[in-house]
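Right, one structure below, let's go through it.
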Amino acid sequence: MQNPFRNFCEAALLSATLAIIASPDMARAQSGSAGGSIGNDEKSLSGSRESPRAAEPSKPARRSRPADDAPSRAPRRSGGGGGNYDGAWVLTSVGQTCDGSTDTVVVTSGTMVGKYGTGQVRPNGAVSGTGAAGSLSWTMSGRFSGRNGSGTFQRSDGCIGSWTGSKQ
């Protein structure tokens, strides 16, 4: 006794073969083929057609205003201050009675965010912030100037020290 699935497959193959033999043109038709040629809008089957039309001229390019007519604008500063201090900074601290550390912070629109703390950067470069890790907390202050900065910090365990920073 033969497998019913095999019988079905044989019947399908036989049907497909007969369809190809019965109408070979239909079997070779390409899907999506609509005839015609590039630039020919007329797709009629009979009658005469006009010669292909020339490509339409493109619209003239929009003229920009001369630089003298453009309104001048002040250099754009980011949102809440921070100006050219925006970006990544590496801060390295050195304690007088404790170990130092290095942390990367990001300044965006006057807000400084690091792994262990946050702070503010004023447009004039003045920096102040707080942080915490484990049972320790600290405050820091100082100033950024150009691509460098420096200041002091004080921790909750009594350690005091200084920090330096460089913009990346």
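The values are calculated or read from the model by the stated rules, or taken from the named source; none is laboratory data. Fair warning: this is a prediction, and the values are worked out from it, not measured in the lab. Using ideal geometry, Cβ is built from the backbone for each residue, glycine included, and neighbour counts are taken over all protein chains shown. Surface accessibility is based on the protein's heavy atoms, side chains included, excluding ligands, DNA and RNA. Shrake-Rupley method; radii C 1.70, N 1.55, O 1.52, S 1.80 Å.
Which residue is surrounded by the most Cβ atoms within 10 Å (Cβ to Cβ), if the candidates are limited to region 149-158 and must be more than 35 Å from the chain's Cα centre (by Cα), part of a strand (DSSP E or B) and of a type outside the set (D, E, K, R)?
Residues of region 149-158 that are more than 35 Å from the chain's Cα centre (by Cα), as a first pass: 152-158.
So of that shortlist, the ones also part of a strand (DSSP E or B) come out as 152-155.
Next, from what is left, pick out any that are of a type outside the set (D, E, K, R): 152-154.
Details: Thr152: 13, Phe153: 22, Gln154: 15.
Among those residues, the one meeting the criterion is Phe153.
Out of Gln96, Gln120, Gln168, which single residue is modelled with pLDDT of 95 or more and open to solvent by 70 Å² or more (accessible area, probe 1.4 Å)?
Details: Gln96 fails: modelled with pLDDT of 95 or more; Gln168 fails: modelled with pLDDT of 95 or more.
Going through Gln96, Gln120, Gln168 in turn, just one is modelled with pLDDT of 95 or more and open to solvent by 70 Å² or more (accessible area, probe 1.4 Å): Gln120.
Can you find even one residue in region 133-148 that is among the polar types (S, T, N, Q), within 20 Å of Tyr85 (Cα to Cα) and under 29 Å from the mean Cα position of the chain (by Cα)?
Yes, that holds for at least one residue.
Among the listed residues Gly146, Gly83, Gly161, Gly114, identify the single one that is in contact with a Leu (Cβ under 8 Å, 6 or more places away or on another chain), at pLDDT below 95 and open to solvent by less than 60 Å² (accessible area, probe 1.4 Å).
Details: Gly146 fails: in contact with a Leu (Cβ under 8 Å, 6 or more places away or on another chain); Gly83 fails: in contact with a Leu (Cβ under 8 Å, 6 or more places away or on another chain); Gly161 fails: in contact with a Leu (Cβ under 8 Å, 6 or more places away or on another chain).
After applying the criteria, what remains is Gly114.
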